[in-house]
Structure formats: C-alpha cells, structure tokens
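Have a look at the structure below, then the notes.
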Amino acid sequence: MSFDETARTQHLRDVLEEFMLKYIYPSEERFYREASELGPWAVLPVVEELKKVARETELWNIWFNPTDNPTGLSNLEYAPLCEIMGRSHLAPEVFNCSAPDTGNMEVLDRYGTAEQKQQWLEPLLRGEIRSTFSMTEPAVASSDATNIESSIVRDGAEYVINGRKWYSTNATHPNCAIFIFMGKSDPENPSSHQQQSMILIPRDTPGIEVVRPLPVFNFYGMPDRASEVQFTDVRVPISNMLLGEGRGFEIAQGRLGPGRVHHCMRLIGLAERALEMMCRRSQHRVAFGSAIADQSVTLERIANARIDIERTRLLVLKTAHMMDTVGNKAARREIAMIKVATPTMACRIIDDAIQMFGGIGTANDYGLAAMYASARLLRLADGPDEVHRMQLGKSELRLHAGKENLEPISRYAPQWDAEDLGNF
C-alpha cells in the first residue's frame, strides 16, 4: 500500500500552498473580524472576494469527482490537499470545498435526477448558492437516526413536511437556496432503516422558519453556521424526492463516508498548525529564566503531538485508499476509527497549544479557540464518538464469534520447599 502523492496532487499542492500564503493567511484576521461583527446572517465580503480569485484557478471544486465522468481526484489524492486547506477556517469555502455543500453536491450527483442536478447541483458547483443538510432534531437523541420524528407525508402530487431541525449548517446564510431534509415517510415500516426518506426543499418554500443561529462555544457563524429550523406544513412536489421513498439511510451512508474523511484531513491540518504554533511560541517565551521549549513537559507534549499526528494521518490515508479501492461499505470500520481518533487527537493537541499560550490562548487572537471549537464539535457531528465505538466494538466481536473459549497457555506453577527458599 503506497501513499505516495501522484504528480497531479504534487502540482496542486504547490499551487494551493502558494494561494494559502498569498491570499488565505493574510486574510484570516479580516475573516474572524467580519464573522464576529457581521454575524451568521450575513455574507462575509472577504469570502466572496477570495472566491472570485479561486474560481480562476484549478483549485476550484478540486474535491469533486463526478460519478458519470470520474476524472477528478480520488479520496487518496484529495486527502493531502484537504489537509492543507484545513489549516485555516477560511480556506475550504473559498475553494467551494466546505461542508455541508460538498456532501450535498455528492448526494445530488449520485442520487439526483437530471432536472435536480440542473436546478441545484450546477449552481452549487459554480458557488452561486449554498445549501443545508437537515437531519438532527432537538426533541430526540439523533445519534440514533431511527429516532427522527419529522414527517414526510404524501398528499396527491405533493409531499407535506413537518418537523423541527437543528445544527442545520448554512440555514442562516443569505445565499442558502436548498435544504436536503431527512424525515419519516413510512413510520409503520417493520424495518426501521426503511422508514426514512430524503427530500429537496427550496429555501423560499412557505412554512420554513429559521428560528435562530446556534453558537459553537459562543462562535456564531464560524466555523460553520449551525442553525435551528422549523418546518410547518411545507409542501413540495413529489418530484423533489431523492432516489425514492424509504431510501434515506442509504443516501445518508453514501453521503457521510467521504465527508468524514474530509473532516478528518482538515482536522489534521488544524493539528499541524497548532503544533507549529506551540513550537514557535515555546522558543520565544521565557519563564523562570529559560525558554518554555527547554522544559521537559513542553518537549513531551511536542513529541506526543508529532506521534499522534503521524499515526492518525496514516490511518486516514489508509481509509481513503480503501474507499477508493474496495468502496465505502468495505471501509466502514476504518471510517468509524478515523471519526473517533482524529477529533480526539486534534482536541488534545490544540488544548496543549492553548495551555502553552496561557490566558490569550482562550481568546481568539491566535485562532486557537476557534480551532478547539471545530475539533470538539466534530466529536459529535456525523455521529458521536460513542456510536462509532459501539459499532467498532460489535464489529470486532463478530470477528471472533463462534470460536472456542481460550484455554490457559500454561498451568505450570513451580513448587518450592523450605530448602529452596533458603538459597535466596
């Protein structure tokens, strides 16, 4: 198994790193300021300005590999580029590579009709609109998606949608034009995994109320625009159904696999940047007569961070390779592993960086607070750690099911008498 970068990835890496140095890093202070001052209901001018620049490069939509003409980057090729973009909260949206739009575009590409692709996928790929994925609900434990209570009811040539969703990213964005909504269309189906469907709901449909933006550790609209949305007697034509009634779980699994790899690679980029910040800070801050870098606790934290990043990156790259070669379903154990391992690793490293920076690390002068908010959120998004661990544990037990109980390796126990003891 080789993780060597292809010539195409190496070229794009060079172009991307140059763009990051020239445009992204110098614009971060403005990005955080606009996100704070303008809030989650506004378009951020810095993002739109940089999008115009990015559209003219080969970096625009570099994540996209259409199913009808798969000439784009594989998961393994895209992974190192995603890591570089992940170093900054600003970068992914600038290149049209941010969640939830990427996942929603993949859904439309894989499962949408020709008409749905023309109406929604094409403007999303051009960056003209944004989108929302509405799955999680406040009234139930959505970590078990069979709990979802929102309803999708057929009424002649229309479906009527009712429900309350939250953590629906992008719903407060002025350019949000389409929701992908998951709800129950067949609640009496004996298979709990065939009760759900996904349906397209245009943002301007009557009955949609964006109740409020939801802060992530008091960050509104950054790193994403989490929102709470009420759907009341929302009517859409039956042609808005994706793939067919009862196919919601199938779509969700197809959508979440690649998205989890993207999230994990972006987090590795954040962790790398936090480690760099630790190293630079520790060498220029003096406490008790010597640089912080000279303290053994600092050296240990830096060494552990490097070890954690490297082994997590290898696991993510292995997962991307498996998704490319044997498919998402065969790689589901690895996808679950990276979803647990990567946010936990990033949280720990960013927390160590905050500790090294002292009090200012808890503000956002250096971006560490926003980094931590992103990493901590992803221990919950796309399935909490506990669900992935539960699935992994069951999968591991199945590997050993039906095998005989272990026999002791050795029953030998030496016998000592008083004369032997006297020789000690």
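Peptides 290-301, 269-280 ranked from most to least packed by the mean count of surrounding Cβ atoms within 10 Å: 269-280, 290-301.
Distance between the pseudo-spin-label points of GLU56 and ASN162 (7 Å out from Cα toward the beta carbon): 5.3 nm. For the stretch 277-352, the equivalent ellipsoid derived from the alpha-carbon gyration tensor has semi-axes of 36, 10, 8 Å in decreasing order. Between LEU380 and THR71, the FRET efficiency estimated from the beta carbon spacing at R0 = 30 angstrom works out to 0.30. A Gaussian network model of the chain, with springs between Cα atoms under 10 Å, assigns the largest mean-square fluctuation among GLN194, GLN118, GLN230 to GLN118. Computed over the chain with a Gaussian network model linking Cα atoms closer than 10 Å, the most mobile of VAL326, VAL387, VAL153 is VAL326. The sum of -39500 (n - 2.57) across all DSSP H runs of n ≥ 4, divided by the residue count of the chain, sets its helix-only mean residue ellipticity at 222 nm to -14500 deg cm²/dmol.
If we count every other residue with Cβ under 12 angstrom of LEU12's Cβ, Lys/Arg +1 and Asp/Glu -1, where does the sum land?
Its environment carries a net charge of -4.
First measure r as the distance between the Cβ atoms of ASP294 and ASP365, then evaluate 1/(1 + (r/R0)^6) with R0 = 30 Å and state the FRET efficiency to the nearest 0.05. Working from the Cβ atoms, E equals 0.75. Computed extension length for VAL286-SER239: 10.4 nm, one decimal, from 0.36 nm per residue of separation with the Cα-Cα distance subtracted.
Counting only Cβ charges, +1 for Lys and Arg and -1 for Asp and Glu, the dipole size of the chain around its Cα centre is about 220 debye.
FRET efficiency for the pair HIS11 and GLU128, taken as 1/(1 + (r/R0)^6) with r the Cβ-Cβ distance and R0 = 35 Å, rounds to 0.80. Placing unit charges on the Cβ atoms of the charged side chains and taking the dipole of the chain about its Cα centre, the candidate lying farthest along the positive direction among PHE217, ALA145, ILE335 is PHE217. Hydrodynamic estimate: the Kirkwood radius of the chain over Cα pairs, inserted into Stokes-Einstein at 10 °C and 1.306 mPa s, corresponds to D of 68 µm²/s. Assuming charge only on the beta carbon of Lys and Arg (+1) and of Asp and Glu (-1), the dipole of the stretch 7-125 about its Cα centre is about 60 debye to the nearest 20. Counted by Cβ distance under 12 Å from GLU34, the other residues give a net charge of -3, where Lys and Arg count +1 and Asp and Glu count -1. When the chain is treated as a GNM, springs tying every alpha-carbon pair under 10 Å, which of MET322, MET198, MET85 comes out with the largest mean-square fluctuation? Evaluated over the chain, the most mobile residue of the options is MET322. All C-alpha pair distances within the stretch 1-85, sorted into 5 Å bins from zero, spread as 2, 13, 21, 19, 17, 13, 9, 5, 2, 0 percent across the bins. With each label modelled as a point 7 angstrom along the Cα→C-beta vector, the THR146-ARG306 pair spans 4.8 nm. Dipole check for the stretch 130-245: with +1 at the C-beta of Lys and Arg, -1 at the C-beta of Asp and Glu, and the Cα centre as origin, the magnitude is about 380 Debye. Looking at the stretch 315-345, the trypsin sites (Lys or Arg not before Pro) that sit in a DSSP loop and have at most 13 other Cβ atoms within 10 Å of their own Cβ are LYS329.
Diagonalising the gyration tensor over the Cα atoms of the stretch 67-186 and scaling each eigenvalue by 5 before taking the square root yields semi-axes of 28, 19, 14 Å, largest first.
The three principal axes of the C-alpha atoms in the stretch 249-399 carry coordinate ranges of 59, 27, 25 Å, sorted with the longest axis first.
Between the alpha-carbon centres of the stretch 318-364 and the stretch 143-195 there is a gap of 29 Å.
We did not get these values from a lab; they are worked out from the coordinates using the rules stated. The structure presented is a predicted model; accordingly, all values stated were derived computationally and were not measured. A quick note on method: Cβ atoms are made from the backbone with ideal geometry, for glycine too, and the neighbour counts reach across all protein chains shown.
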